[in-house]
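Input: a single structure, listed below in structure tokens.
The values are calculated or read from the model by the stated rules, or taken from the named source; none is laboratory data. Since we're looking at a predicted model, the values are computed, not measured. Cβ atoms come from the backbone with ideal geometry, glycine included; neighbour counts cover every protein chain shown.
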């Protein structure tokens, strides 16, 4: 299989997604956002910083975080500069407020990406445009699929495997057994179903039923 044939294949097959699971995940993000903002508020107020109703908006929360660092740690290094999540995580790995602040931002980003994807779902299907970028990796547009690989596999009801290169991914597709079903390829990750996937899915279902029956 060459790149042209792969793109032709990907662009001709709509992706069947589990909308209910996507909506459940969206609700999870919203709950995480609310919970994180409440903890941030409590922590800020615990050191004497009063907050406004819109304190978690980007233009405001950065100011509060800077004040927090100065008040709690006497650390003015971030006073006039940008706050990078990786720097905060590295320097203050056990700080409860900063951990919730970082989680808040991460869930905001994930929520926006999933909401964008849901807007393009029609009758349970999405049909993004697939292309290959200069890094020799498959990307999507209209809509752009930018959600965690494991989440996408859940919505597509399939398994996945990451490859080091697109060439390796295409070779795997070409050499796949007849009973393997290739769902899609994003970046260098192949999404697929095999009899083993269905067997494992059924095993987990039976385990869940057993647990429920024992309650």
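Output the residues belonging to segment 12-25 that are part of a helix (DSSP H, G or I) and under 23 Å from residue 187 (Cβ atoms).
Those that are part of a helix (DSSP H, G or I) and under 23 Å from residue 187 (Cβ atoms): 21, 22, 25.
Taking the options 151, 87, 103, 164, name whichever one is out of contact with any helix residue (DSSP H, G or I) (no Cβ under 7 Å at 6 or more places or on another chain) and assigned to a helix (DSSP H, G or I).
87 is the lone residue from the list that is out of contact with any helix residue (DSSP H, G or I) (no Cβ under 7 Å at 6 or more places or on another chain) and assigned to a helix (DSSP H, G or I).
Modelled with pLDDT under 90 and in a helix (DSSP H, G or I): is that true of residue 9 in this structure?
It is false that residue 9 is modelled with pLDDT under 90 and in a helix (DSSP H, G or I).
I want to confirm something. Restricting to segment 187-215 and keeping residues that are assigned to a strand (DSSP E or B) and in contact with a helix residue (DSSP H, G or I) (Cβ under 7 Å, 6 or more places away or on another chain), which single residue is surrounded by the fewest Cβ atoms within 10 Å (Cβ to Cβ)?
189
Does residue 184 satisfy being exposed (fewer than 14 other Cβ atoms within 10 Å of the Cβ), more than 16 Å from the chain's Cα centre (by Cα) and at pLDDT 95 or above?
In short, no.
Of the residues in segment 74-114, how many are more than 30 Å from residue 145 (Cβ to Cβ) and at pLDDT below 85?
Within segment 74-114, residues that are more than 30 Å from residue 145 (Cβ to Cβ) and at pLDDT below 85 number 8.
For segment 55-82: of the residues being within 22 Å of the chain's Cα centre (by Cα) and in a loop (DSSP other than H, G, I, E, B), which is nearest to residue 43 (Cα to Cα)?
56
Among 88, 49, 110, 69, which is the only one that is in contact (Cβ under 8 Å) with a residue 24 or more places away in the chain, surrounded by 14 or more Cβ atoms within 10 Å (Cβ to Cβ) and at negative phi?
The unique qualifying residue is 110.
Tell me, which residue of segment 113-140 that is part of a loop (DSSP other than H, G, I, E, B) and in contact (Cβ under 8 Å) with a residue 60 or more places away in the chain is nearest to residue 15 (Cα to Cα)?
If we take residues in segment 113-140 being part of a loop (DSSP other than H, G, I, E, B) and in contact (Cβ under 8 Å) with a residue 60 or more places away in the chain, then 127 is nearest to residue 15 (Cα to Cα).
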